[in-house]
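Engineer: Okay, here's the structure, questions in a sec.
No value in this document is a laboratory result; all are computed from the given coordinates. Predicted, not measured: the structure shown is a model, and the values here were computed from it. Methodologically, a virtual Cβ is constructed for each residue, glycine included, from the backbone with ideal geometry; neighbour enumeration extends over all protein chains shown.
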Amino acid sequence: MGLPDGFQWGVATSAYQIEGAVGEDGRGPSTWDAFCREPGRVRDGHTGDVACDHYRRWPEDVRLLAGLGVDAYRFSIAWPRVQPTGRGPANPAGLDFYDRLVDALLERGIAPAATLYHWDLPQPLENDGGWMNRDTAYRFAEYAYLAAERLADRVTMWITLNEPVVVTAYGYAFGLYAPGRTLGLAALPTAHHQLLGHGLAVTALRGRGARAVGVTNHYSPARPADPSAPGDRDAADAFDALMNRLFTDPVLLGRLPDLAVQPDDLAAHVRDQDLPVISAPIDFLGVNYYQPTWLRAPAPGAPLPFDMDAAPEGHPVTGMGWPVVPDGLLSLLRALKERYGPALPPLYVTENGCSFPDEPGPDGRVDDDARIEYLDAHIAAVRTAIDEGVDVRGYFVWSLLDNFEWAEGYHPRFGLVHVDYATQRRTPKKSYAWYRDLIAAARTA
Ligand code: FCB
């Protein structure tokens, strides 16, 4: 069977990872600006100050998108450009940037897919507690309204949040990402407040005429290290509840999953009308997939109801050390359909990709055959899921460009296009030509 009509091939990026220009046109500081300045937080002290200089070089990047022939481009809007302090009226100069970008995309027939929050929270909001503070949800909805007021007539897809689980786990529980807090399970209110922000934003966006609204989650299928060990199976289920279902059940089912942790941590923060707000209907669910996680029963007295284990032998790994498991994507898509049934909206794979230490050879070419193999296998998994009846409407490669990979700085290279950070020279890799040809072939099939 073929792909459904209108299937969207795309690529994805995010503001802090590519834009640079952190002090330009009235942009305020974000949590990531502050985090990068704390010694030891980001490898080699890298920061997003310059990144891919996309804020100035965006016309060249739009030409690269047009050369690929993508149907859609997923980018993110930097909240601190729109509201430099996270509150108050819009900063028109900040919105101008996205206005021009959206127009340039549309001129080339590329549908703009805008993410409102890809982790760059205005620092003044963090000073008031960030996502631990319920008020941030209301601030987020206000920001969503301002962005839509300017752009909803032209943006094709709106994604409220990117991967709230990573913000909760890496940002507030384990301190690996901004804002670097180490609250452990006491970070759980950040999950609820982000989801509340999502629900309030859905209403705000629709009120300003947004056409399609959804949210993007990070999904890591949970696999017991030893499937015959009941303790490992329970651990896998607990991980799935906390990392996957906690961010999906409230949105699609209007209820919290059973968590194998102290429910007081979370339930105390959920007010009466919150779940109906959070479960406002959405038009699509964004799925980011990189790898499964293997789980073991925790040691007695351990703080979490699972222990993460290494991937079993036999999987190749990417430059991040992440195992390459394309059938994890297939099982994830199947599991979403099975768990949510008629409550599941159409799916978009809003991120999938891999890093390798790509560098140009003596002839100047970047032959990233391992990336081609990775993408090919994962796209095959998406096709199989579609053939089986899962409603997947699009696939976005992470990423268009090599970029600032958070705590790993500029070391990992996820792009279809190589970036030489000393010169900002862009060199399309072999995978760029491969993806371009795949899209062209899919279109004529
Ligand atoms: C995802 C993030 C994205 C990028 C990829 C590699 O979790 O959404 O920004 O860093 O991982």
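Engineer: Hey, can you grab everything whose amide H is under 5 Å from the amide H of V213? Only 5+ residues off in sequence or another chain; H modelled, so Pro and N-termini drop out.
Structural biologist: Under 5 Å from the amide H of V213: W158, D283, F284.
Engineer: For the stretch 406-414, what does the Karplus curve 6.51 cos²θ - 1.76 cosθ + 1.60, with θ = phi - 60°, yield as ³J(HN,Hα) per residue in whole Hz, taken in order and with x for Gly and Pro?
Structural biologist: Ordered by residue, 3J(HN,Hα) equals 6, 5, 8, x, 8, 5, x, 10, 9 Hz.
Engineer: Ok, one more. Can you give the translational diffusion coefficient of the stretch 321-445 in µm²/s, computed by Stokes-Einstein from the Kirkwood radius over Cα pairs at 20 °C and 1.002 mPa s?
Structural biologist: 135
Engineer: At T444 and L253, where each label point lies 7 Å from the Cα along Cα→Cβ, what is the point-to-point distance in nanometres?
Structural biologist: Each label point lies 7 Å from its Cα, and together they span 4.7 nm.
Engineer: Please compute the length gained on full extension between E408 and A310, using 0.36 nm multiplied by the number of residues separating them and subtracting their Cα-Cα distance.
Structural biologist: This chain segment gains 33.3 nm when fully extended.
Engineer: Between A422 and D327, what length in nm is gained on full extension when 0.36 nm per residue of separation is reduced by their alpha carbon distance?
Structural biologist: 30.4 nm
Engineer: Under a GNM of the chain (C-alpha, springs under 10 Å), which listed residue has the highest mean-square fluctuation: G40, G286, G319?
Structural biologist: Sorting by GNM fluctuation, first place goes to G40.
Engineer: Residues with amide H under 5 Å of R393's amide H, sequence separation 5 or more or different chain, H placed in the peptide plane at 1.01 Å from N; which?
Structural biologist: Residues meeting the criterion, in which the H sits 1.01 Å from N, are L347, Y348, V349.
Engineer: Going by amide H atoms built from the backbone, whose H comes under 5 Å of the H on M320, apart from near neighbours?
Structural biologist: For M320, the qualifying residues are S355.
Engineer: Could I ask something else about it? How far apart, in nanometres, would the label points at T203 and R87 be if each is projected 7 angstrom from Cα along the Cα-to-Cβ direction?
Structural biologist: About 2.1 nm, to one decimal.
Engineer: In percent, what relative contact order does the stretch 212-340 have, based on Cα pairs under 8 Å that are 6 or more apart in sequence?
Structural biologist: 34
Engineer: Give the order of M243, M320, M157 when sorted by the count of other beta carbons within 10 angstrom, beginning with the fewest.
Structural biologist: Ascending Cβ contact count within 10 Å gives the list M320, M243, M157.
Engineer: Quick one: what are the phi-derived ³J(HN,Hα) couplings along the stretch 247-253, Karplus 6.51/-1.76/1.60 with θ = phi - 60°, whole Hz, x for glycine and proline?
Structural biologist: Here the 3J(HN,Hα) series is 9, 10, 4, x, 6, 9, 10 Hz.
Engineer: So, one more: Using a Gaussian network for the chain with springs between C-alpha atoms less than 10 Å apart, which of these wobbles most: L183, L344, L116?
Structural biologist: L183
Engineer: Quick one: work out the % antiparallel among DSSP beta bridges in the chain, nearest 5.
Structural biologist: Percentage antiparallel, nearest 5: 20.
Engineer: So, one more: Given the Cα-Cα distance of D96 and D272 and 0.36 nm per residue of separation, how much length would full extension add, in nm?
Structural biologist: Full extension from D96 to D272 adds 59.5 nm.
Engineer: Here's another thing I want to ask about it. Give the calculated FRET efficiency between D103 and E338 to the nearest 0.05, with a Förster radius of 41 Å applied to their Cβ-Cβ distance.
Structural biologist: 0.50
Engineer: With Kirkwood's inverse mean 1/r over C-alpha pairs for Rh, give me the Rg to Rh ratio of the stretch 124-167, two decimals please.
Structural biologist: 1.04
Engineer: I need the trypsin sites (Lys or Arg not before Pro) found in the stretch 1-89, filtered to DSSP loop residues with at most 15 other beta carbons within 10 Å of theirs.
Structural biologist: In loop regions of the stretch 1-89 (DSSP not H, G, I, E or B), the sparsely surrounded trypsin sites (Lys or Arg not before Pro) are R87.
Engineer: So the label point goes 7 Å from the Cα of S228 along Cα→C-beta, right? Which residues of the stretch 284-305 then have their backbone N under 17 Å from it?
Structural biologist: 297
Engineer: By its C-alpha gyration tensor, with a ≥ b ≥ c as the square roots of the eigenvalues, how is the chain shaped: rounded for a/c under 1.5, else prolate for a/b larger than b/c, else oblate?
Structural biologist: Note, shape of the chain comes out rounded.
Engineer: Please work out whether the stretch 305-378 counts as rounded, prolate or oblate from its C-alpha gyration tensor, where a ≥ b ≥ c are the square roots of the eigenvalues and a/c under 1.5 means rounded, while otherwise a/b larger than b/c means prolate and anything else oblate?
Structural biologist: Judged from the Cα gyration tensor, the stretch 305-378 comes out oblate (a/c at least 1.5, b/c at or above a/b).
Engineer: The stretch 10-60 to the stretch 314-393: how many Å between their Cα centroids?
Structural biologist: Using only Cα atoms, the two centres lie 26 Å from each other.
Engineer: In addition: Tell me, H418, H269, H378 in order of fewest to most beta-carbon neighbours within 10 Å?
Structural biologist: H269, H418, H378
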